[in-house]
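Right, one structure below, let's go through it.
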Amino acid sequence: MSVTIGINGFGRIGRCVTRIVAASPHSGITIAAVNDVASTEKMAYGLRRDSIRGTFPGTVAAHADQLVVNDESIRTFHHDRPERIPWADCGVDVVIEATGQFRAGGPARTHITHGGARKVVISASADDPDAFLIYGSNHDTYDPERHDVVSPGSCGVNALTTMAKVLLDRFGLHSVSTSVFLAVQGWGKVQDSVMGTSRDDPRLGRATGESIIPHNYVVGDLVRVALPAIGEMRFSYYCVPTPIGSLAELTGQTDKPVSMEAVNRAMAEAAAGPLRRVLAYDPDPTVSIDVKNNPASCLFDPSGTQTTADGGIRVRGWFDNEWGFSNRLLDLARLVGKESPVHSSRSVSWSIA
């Protein structure tokens, strides 16, 4: 069964999603429509030419209200509000909300109540979705009767949760602290700007190529929403001047002392088994660019593993903050897009204190 999706927002994530689907004819996903305030011609150009991903490996053309990708037509709309997009007219089952603007459960839900879609996947750490579903960790808690608007958290949360899942299941894990070093984001500024910055922190308007910038607004403890057995945790995020490729580090305590070899072996086994595609393992010494275009949520780096005699542990992994996350969005779209009875949406409050 193929799930028909619509994409609201044809920025970095929207175009990555389109590239992944176009390169995978048996992905189980069909893109029926895309909405963006940009013209169809500009959308086509942005898909054809990408400074990070390179030239599109296929054909892209714009014809009136159609984006034609590898000879497949995708209907284009240009509405500035989600409630105005007629998804049902295109047979859309699931909307990937990728604008970064409508990340709250209420506005995102209008894709269903007004646009006629069945489900919504928000490509961000959303505010008040029906559920946070981290694929590979807690996606099996999805309830089709209650979860209409879902969020996979963030790219960093996915990388951290993937490593934490293995450690928790194999060794027990508590007293967790995490750090994420995030590559340049689309909202970043080439030069300092005090207007149009992300959130209210003026540091997020500073030139991304000149500084390491603390990012206090990323919800790092969504890890414990997916894995509540971890308990209270501490987290920090920093934006760093790399074009692609980010780093996640996790420290904590295991239930009993464990060796570095045992930790690395557990990660390798998970990557080859139950977390295949979600977790990858590379025994070579790696740097950030090595994770470019890797579809996993986390590329585990065994050289970063440290353990102590009292059960202390530190692990690290790389992630392509656009490509890996876009693959997880599609995983969730396949999950929630399965045929299920249509029920009235109702919100569930999640505490992330």
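The values are calculated or read from the model by the stated rules, or taken from the named source; none is laboratory data. All figures in this text were calculated on a predicted structure; none of them were measured in a lab. Virtual Cβ from ideal backbone geometry, glycine too; neighbours counted across all protein chains shown. Accessible surface is based on the protein model in full, side chains and every heavy atom, while ligands, DNA and RNA are left aside. Shrake-Rupley method; radii C 1.70, N 1.55, O 1.52, S 1.80 Å.
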Arrange the peptides 234-240, 305-311 so that the one whose residues have, on average, the most other Cβ atoms within 10 Å appears first. 234-240, 305-311
Taking the chain, the whole-percent share of alpha-carbon pairs separated by over 39 angstrom is 12
So if I place +1 on the C-beta of Lys and Arg and -1 on the C-beta of Asp and Glu, and nothing else carries charge, what would the dipole magnitude of the chain be about its Cα centre? I want it in debye, nearest 20. 200
At 0.36 nm per residue, minus the direct Cα-Cα distance, what do T308 and R276 gain on full extension? Give it in nm, one decimal, please. 8.7 nm
Please figure out what share of the DSSP beta bridges in the chain is antiparallel and state it in percent, rounded to the nearest 5. 45
For segment 1-158, what proportion of DSSP beta bridges, expressed in % and rounded to the nearest 5, is antiparallel? 25
Among the listed pairs K165/K292; K256/K292; K42/K338; K189/K292; K189/K338, which have their C-alpha atoms separated by more than 29 angstrom in this model? K256/K292; K42/K338; K189/K338
Going through segment 215-289, which GluC sites (Glu not before Pro) have at most 16 other Cβ atoms within 10 Å and a DSSP loop state? E232
Please list, in chain and number order, the residues 5+ apart from S236 or on another chain whose amide H is under 5 Å from its amide H, with Hs placed from the backbone. T178, S179, V180
Among V278, A61, A226, which residue has its Cα furthest toward the positive end of the charge dipole of the chain, with +1 on Lys/Arg Cβ and -1 on Asp/Glu Cβ? A61
Quick check on segment 130-282: of the DSSP beta bridges with both residues there, what percent are antiparallel, nearest 5%? 40
Before I look further, what does the chain give for accessible area per residue, probe 1.4 Å, in whole square angstrom? 43
Net charge around G136, counting only other residues with Cβ within less than 12 Å of its Cβ (Lys, Arg = +1; Asp, Glu = -1)? +1
Relative contact order for the chain using alpha-carbon pairs under 8 Å, separation at least 6, rounded to a whole percent? 17
Scoring only Lys, Arg, Asp and Glu (+1, +1, -1, -1) among other residues with Cβ under 12 Å from the Cβ of L47 yields +4
A 1.4 Å probe over the protein heavy atoms gives segment 225-275 a carbon and sulfur accessible-area percentage of 58
For segment 56-114, give the percent of accessible area contributed by carbon and sulfur heavy atoms, probe 1.4 Å, rounded to a whole number. 47
When ranked by the protection proxy of mean other Cβ atoms within 10 Å per residue, highest first, what sequence do the peptides 89-95, 121-127, 273-279 form? 121-127, 89-95, 273-279
For the chain, with a Gaussian network of springs between Cα atoms less than 10 Å apart, report the residue from A38, A98, A271 with the top mean-square fluctuation. A38
Beta carbons within 10 angstrom, averaged per residue: use that to sort the peptides 110-117, 51-58, highest first. 110-117, 51-58
Please give the charge dipole size of segment 116-199, origin at the Cα centre, charges +1 on K and R Cβ atoms and -1 on D and E Cβ atoms. Round to the nearest 20 debye. 260
Ellipticity estimate at 222 nm from DSSP helix runs (n ≥ 4, -39,500 (n - 2.57)) divided over the chain, nearest 500: -6500 deg cm²/dmol
